[in-house]
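Data block below; observations after.
The values are calculated or read from the model by the stated rules, or taken from the named source; none is laboratory data. This one's a predicted model, so the numbers in the text were calculated from it and none came from an experiment. Note that each Cβ is placed from the backbone with ideal geometry, even for glycine, and that neighbours are counted across all protein chains shown. Just the protein is used for accessible areas: all its heavy atoms, side chains included, with ligands, DNA and RNA removed. Shrake-Rupley method; radii C 1.70, N 1.55, O 1.52, S 1.80 Å.
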Protein chains: 4
Amino acid sequence: MRLESYGAPLRLEEIERPETGRGVLVRVEAAGVCHTDIHIVSGSYDLGDGNLLRMAERGIQLPITPGHEMAGRLADLGGFTEASLREGDPVVVYPWLGCGTCRKCTAGYENLCEGKPASLGIFRDGGYAEYVWVPHPRYLVPRGNLEVARSAPLACSGLTSFSALKKCALNGDDLLVIVGAGGLGTIAVQLAKRTTGAKVLVLDVSPSKLELASELGADQTIDTSGRARRDVISEIKQANGGRGADAVLDFVGNPSTSTMGFEMLTKQGRLVLVGLFGGAASFPLPLFPLRGAQILGSFTGTLTELSELVGVAATGAVTTFVSAEYPLEDANDVLRRLERGEVMGRAVLRP
Amino acid sequence: MRLESYGAPLRLEEIERPETGRGVLVRVEAAGVCHTDIHIVSGSYDLGDGNLLRMAERGIQLPITPGHEMAGRLADLGGFTEASLREGDPVVVYPWLGCGTCRKCTAGYENLCEGKPASLGIFRDGGYAEYVWVPHPRYLVPRGNLEVARSAPLACSGLTSFSALKKCALNGDDLLVIVGAGGLGTIAVQLAKRTTGAKVLVLDVSPSKLELASELGADQTIDTSGRARRDVISEIKQANGGRGADAVLDFVGNPSTSTMGFEMLTKQGRLVLVGLFGGAASFPLPLFPLRGAQILGSFTGTLTELSELVGVAATGAVTTFVSAEYPLEDANDVLRRLERGEVMGRAVLRP
Amino acid sequence: MRLESYGAPLRLEEIERPETGRGVLVRVEAAGVCHTDIHIVSGSYDLGDGNLLRMAERGIQLPITPGHEMAGRLADLGGFTEASLREGDPVVVYPWLGCGTCRKCTAGYENLCEGKPASLGIFRDGGYAEYVWVPHPRYLVPRGNLEVARSAPLACSGLTSFSALKKCALNGDDLLVIVGAGGLGTIAVQLAKRTTGAKVLVLDVSPSKLELASELGADQTIDTSGRARRDVISEIKQANGGRGADAVLDFVGNPSTSTMGFEMLTKQGRLVLVGLFGGAASFPLPLFPLRGAQILGSFTGTLTELSELVGVAATGAVTTFVSAEYPLEDANDVLRRLERGEVMGRAVLRP
Amino acid sequence: MRLESYGAPLRLEEIERPETGRGVLVRVEAAGVCHTDIHIVSGSYDLGDGNLLRMAERGIQLPITPGHEMAGRLADLGGFTEASLREGDPVVVYPWLGCGTCRKCTAGYENLCEGKPASLGIFRDGGYAEYVWVPHPRYLVPRGNLEVARSAPLACSGLTSFSALKKCALNGDDLLVIVGAGGLGTIAVQLAKRTTGAKVLVLDVSPSKLELASELGADQTIDTSGRARRDVISEIKQANGGRGADAVLDFVGNPSTSTMGFEMLTKQGRLVLVGLFGGAASFPLPLFPLRGAQILGSFTGTLTELSELVGVAATGAVTTFVSAEYPLEDANDVLRRLERGEVMGRAVLRP
């Protein structure tokens, strides 16, 4: 399924399985459908005040095969005969490739490449396809017995939650507020409850999503629909002995959620912005120093973090919530439903 | 010199030297005059959009003796006979006291107390006086042979620079941009050049302040007066091989400097906000995640950091730039000149 | 129950409830019995090669009331009227007090005081009594609804496990090996499984203790009794895909366990020594650099860590395993049984 | 200059300049001679108690061209046309390559590879030659205007000092003791004085080496030749207000230096072992927990750290002390003199 022009639907095409020599080949068995794919297809992010961040300016060239959440099996090792992997091995693909030589890449932060990024499904062909080329076997994380459809979302929504949660730097008795109980939020709830000692409080406007968050371990939930920001914050403080939140994980990232998130922070509080909804928000400057407050952006995660996360998932501590599986050619449909907020958990394509 | 009502000048009063029983007594020999004192006397901080943070709301009660940058000699140990200090010992006073029992205080962050803060010179009587009561000898940092007038500013402007610089988390080959070459900026230049391997670039609108920054070790300076933000940022990137700043230390903290600081960050860049100039600023939300950008507020520092800083200063690695010394009764004059930006380095009162 | 001379049994004495003025008074409702109490009563630690670390040299003066694991209720606030606590409030006492003025104390590490330490139950009268004086309300951690007998051991065995586990700096897919499934080990198993993503493997010579470890969540256990070091290590590596342990928590700390712990480390592995069994061990020096190996000592924990741990325990994530409760006057009996290794989990005195 | 059998001298051989296809080709202009080269030629490390760590067991296969400290110019980019480097660019080569796919490699710690390491000059042909193949351009660190002979030692002795110094985690007022003022020690002195606020005290048995350390900025030096360990430790404590060392950097690493280093630590002190002299040492186990003491091994450093170090060196903050330059064919001579301790600073071959 390829994108040929921004704003147009994806088109199904037959492409020949390429010859060896460009890395290792993976047979895609599951490809998660992500909000970022919506931005790729539409062609831009909103930066607020009428400014757009256009995909073309980020260096994305069409046509492209989207899909960066990929799980499958190693199909061809190419020349990498020394790797410990064998053909047929079940793997998750790390898609956030960088140029490989800039400061961020050599420090292990390919996801924040300062050179020419080469992320699969964004700058290079990805997983809305039967096969995908991966430049080096190091980017294949063995997934052991993890089920393939539930593994694919680890590469983006899982990884993004995991890396963002690390930035929260939670202490055992901290209060973490998670804003948004969608695909990422539900993973964050599980990870926070199984790998930290923090209390977890979840905000959303959907009662059914909040119910799911509770089932997954959230200590408290608040339905924010139709409620004043001030009331929500005051309810949170009441729930935490008068203190605000020690950390807020904002998976929405619009002006309203980020402003509310900042306001509910206690001293030394961290607002971790993950969501790419868009827009600009205004923050009162003296409160940063006076409260020792922090705003931290978090974007996907590193290869090391994915490897760690797959390890955590293998112990059963976290399960990506896969709502449904679709054939590859339904990609446009699924994207549309995701955009309308109709997808709970994660939708996965099965090429 | 006491503040009796907000907006009014300080009044000189004779107060009896209090009896023992309230801690240890320090003979004040030097008291630095700080921008915060201006806010205390005026009564508020500007939060932007017409909002004010009033001192009275922060719990400050009048009359109060300002002055939180204090150096002098231990005059009376009170009942703390087991302390290793002796009467007559030269000390710097740590003024950023908290309630002592909240989570931040017990974790060593009294400067970010979540209970009832008790900072000297703000919530309790401080150093615009001949003597000051300090509740416990732990707050007295021995200053060895450090000259008294140059020691006093370590307690606030020195400490604030030091703690903010730590939050920059500089690697050896990072570029640090310092915004504002006043009292704090000049200390930060020295600390950055003597205790990290980073390159240091300083921005200011005053050629004479920039010249001082160069003398103190800055690798490069840019006079930003009358220049477009875009030009300044592009000059910085050019100076850094096309990359932006790895960290920005903003000692001004107004909407214009903080917006510029955020824009010049490279991937994983840290904007550390220190200055309390005031106002609100708008930031494009998607850039936080997409760049892995951070905004970190930094407020004064911890007792441990002051102890560390006095150690660093004792090796001669950093010198607070004391422009002039004045008798105690000139306090109102000095505050006025500081407000008009006429003070280079630090002015110190000598009671 | 007071210790009057080293090596002699404790003697029950009536002491008058002291007047106010020395801090806050806590009514002791439960006091845990700890291995350290055995060393205090016997008078020394073995340093190997015939050397002893004598309690008298550490500055302990007799007579003393042992007991540093204390939970109870606030009985008298003394002069600290501003504290947020009320008389009758249920608390856990932080016992690891230092001099309050040395570098370690001011940095929040009173447990590693470089001056004159003042730990309750060791240098000052502790909890084998009906009441205990605590110098400042900051050392009282509110325990909410936590049951009193299960709360007391948090102050030492819980805290020691918690702080040592933090030093393991575990990643999500690390292998943690816990040596010793006694009072501390069983807490560490729970904390590791509930607050990190690591796999946990437990070693002990007692099948019943290993069974308990499994029930509490250990992923694997190995009975090391009568087995060669080499075999145990090879079994561990086999269980971890050929890699050694990423971290080893040694709660025994004798020459044999520490040597084995060091040998089983993979690259960048951390051996955290907690146990005070005693002796000296020889390590091959080039393996430290060639493997990037680390040995880290961990001693009790900080006040902040206790506060964190009580927060974690309040969510039910960890339960101290209290084997039995005894009246105060049985202290000598309980100590004897602990020394013979007959106590599973923790024994608690109820004054 | 190739090693054909352990214990034998190196032999000069003409090898054809290999064809492209194996990475990028660097023209070697300077190759430092390192203690490790002595171990490679002799064939083993001493592990104490009669045990040897043999090179053959580490997977080193003969014949091999030693030399892992390489600086020169990029001669052939191979197929890596997208790299930002150009042929002729001056570079330092990062030699500590790993397998590229193990956990340590993907986390950026190729120097601690758990798979099949591929370090240049050890497992693959290195810099005692006119040209060297490097598998990927990411391992070439641009050295700007840094002089070539002084750049080469940055790749091992510089990097090792730099990485070890980071592990010391020095605070501004810490005391750092450096054991050994040879090639690594002199770099560490400079790095410690220019990039941290710590006091630096150097121990050695050679007055001339100590004099050099003083010139490079050491605050104090002690000649330990013929002195009792106890005296040296007591002199250090006296120099530090009664406290021991906060960190010890041991560049010798024999049983005597490491024992002394451990004994001089204050609470929370770090002994960083770097030297590969060999042997085993015995440590009293209870002192690890009671003092919160740490022993940390440090082995070379990461690519990121080399990049950082080259940045620091480019500002002139550190100069590798190159004692003399020799033609390539003198390699055997230089190795012999290094083994006898006759080389001050670093000897460099100029192919």
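Brief remarks follow.
- Here's how it looks for B:GLY67: its modeled amide H is under 5 Å from those of B:GLY127, B:TYR128, which are all 5 or more places away or on a different chain.
- Segment A:159-297 shape via C-alpha gyration tensor axes, a/c threshold 1.5: rounded
- Among D:THR106, D:THR160, D:THR221, the largest mean-square fluctuation in a Gaussian network model of chain D, built with springs joining Cα atoms closer than 10 Å, belongs to D:THR106.
- Average partner coverage of B:189-196, which counts Cβ from other chains inside 10 Å: 3
- Building the convex hull from the alpha-carbon atoms of segment B:1-144 and averaging its projection over directions returns 9.4 nm².
- Segment B:164-264, relative contact order [Cα under 8 Å, separation at least 6], %: 32 percent
- Relative contact order %, segment D:99-234, counting alpha carbon pairs below 8 Å whose residues are six or more apart: 13 percent
- Where labels lie 7 Å past Cα in the beta-carbon direction, separation of B:GLU4 and D:LEU85 in nm: 7.4 nm
- Cα centroid of segment B:176-198 to Cα centroid of segment B:145-163, whole Å: 14 Å
- Relative contact order (percent, whole number), chain C, Cα cutoff 8 Å, 6+ residue spacing: 20 percent
- Cleavage-rule hits (GluC sites (Glu not before Pro)) in segment B:57-94: DSSP loop, at most 14 neighbouring Cβ within 10 angstrom: B:GLU57, B:GLU82, B:GLU87
- Listed residue (B:GLY217, B:GLY269, B:ALA245) projecting farthest to the positive dipole end of segment B:159-297, Cβ model: B:GLY269
- Within the accessible surface of chain C, defined with a 1.4 Å probe on protein heavy atoms only, the carbon and sulfur portion equals 46 percent.
- Between this copy and the others, label points of D:PRO207 are 5.5, 7.1, 9.0 nm apart in ascending order, each placed 7 angstrom from Cα in the Cβ direction.
- For segment D:310-344, a drop of 20 Å² or more in accessible area on going from the chain alone to the assembled protein chains (1.4 Å probe) is found at D:VAL312, D:THR315.
- Near B:VAL24, the amide H atoms lying under 5 Å from its own belong to B:VAL134, B:HIS136; only residues 5 or more places off or on other chains count, and H is placed 1.01 Å from N.
- Accessible surface, per residue, of chain C when the full set of protein chains is kept, probe 1.4 Å, Å²: 36 Å²
- Separation of segment B:297-349 and segment D:238-307, taken as the distance between their Cα centroids, equals 38 angstrom.
- With a Förster radius of 22 Å applied to the beta-carbon distance between A:ASP76 and A:GLU130, the computed FRET efficiency rounds to 0.95.
- Copy-to-copy label separations for B:LEU62, where each label sits 7 Å from Cα toward Cβ, in nm and ascending: 6.4, 6.6, 8.8
- DSSP-assigned coil residues among trypsin sites (Lys or Arg not before Pro) in segment B:41-140, each with at most 16 further Cβ atoms within 10 Å: B:ARG58, B:ARG86
- By DSSP, the beta bridges lying fully in the protein assembly as shown are antiparallel in about 50 percent of cases.
- Scanning chain C for the Cβ atom closest to the axis that brings C onto B yields residue and whole-Å distance C:GLY108, 2.
- In order along segment C:138-144, the Karplus-derived 3J(HN,Hα) couplings, from 6.51 cos²θ - 1.76 cosθ + 1.60 at θ = phi - 60°, round to 4, 7, 9, 9, x, 10, x Hz, and Gly and Pro are given as x.
- For segment B:35-62 versus segment A:39-117, the inter-centroid distance based on Cα atoms is 49 Å.
- Between B and A, accessible area buried - total, square angstrom, nearest 100, 1.4 angstrom probe: 3800 Å²
- Each copy carries B:SER234; placing its label point 7 Å along the C-beta direction from Cα gives inter-copy distances of 5.1, 6.9, 7.0 nm, listed from smallest up.
- Dipole magnitude (debye, nearest 20) for the protein assembly as shown, charges at Cβ of Lys, Arg, Asp, Glu: 0 debye
- Under 5 Å, built H, 5+ apart or other chain: amide partners of B:GLN268: B:GLY292, B:ALA293
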